[in-house]
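The values are calculated or read from the model by the stated rules, or taken from the named source; none is laboratory data. Every value quoted in this text rests on a predicted model; they were computed, and no experiment measured them. Every residue, glycine among them, receives a Cβ derived from its backbone with ideal geometry; neighbour counts consider all protein chains shown.
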């Protein structure tokens, strides 16, 4: 196996974009990205090579972000409508509306795992299905199916709330 310490730096932008997508806060993303790389470099000996280096770094970043959220006693924020650019037009319009965005935030918060996390990684973390599958130790197909089930559940719950 190659020495991963020499390759870690090439993923800085990927990790930063991932954290920015999760947090929707550029300064927090920058801080957590630096912390991610410091932690990765100090524990590079624990990298087993079972997942790609990028996925390993994103897993560290995700754990740091979740720790930050727990310590801040807050939840991961919902994103803006542009994060859902590839989704149904109606869904985008609902997110643009602040009231609807808050409703989606509440529904997403109540969504069971792994649907909630897969949805957030895909929409806010801007990860591909293969990367999400790697994080969970599953296939790209599994993450795609899980994401679409999460989206269907969110839309169904929104319709229930509307009636």
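A few remarks follow.
- Residue among 76, 51 that alone is surrounded by 12 or more Cβ atoms within 10 Å (Cβ to Cβ), at pLDDT 55 or above and outside any helix (DSSP H, G or I): 51
- Close pairs from segment 124-147: first at positive phi, partner surrounded by fewer than 21 Cβ atoms within 10 Å (Cβ to Cβ) and in a helix (DSSP H, G or I), Cβ under 6 Å, at least 6 apart: 126/21
- Boolean, residue 136 is surrounded by fewer than 20 Cβ atoms within 10 Å (Cβ to Cβ) and at pLDDT 85 or above: yes
- Residues (touching a helix residue (DSSP H, G or I) at 6+ places or on another chain (Cβ under 6 Å) and assigned to a helix (DSSP H, G or I)) located in segment 117-130: 118, 119, 121, 122, 123, 129, 130
- Some residue of segment 80-93 being surrounded by fewer than 19 Cβ atoms within 10 Å (Cβ to Cβ), modelled with pLDDT of 70 or more and assigned to a helix (DSSP H, G or I): no
- Pick from segment 4-23, criterion farther than 18 Å from residue 132 by Cα and buried (at least 16 other Cβ atoms within 10 Å of the Cβ), ranking: nearest to the chain's Cα centre (by Cα): 8
- Qualifying residue in segment 115-125 (condition: farther than 23 Å from residue 15 by Cβ and modelled with pLDDT of 80 or more): yes
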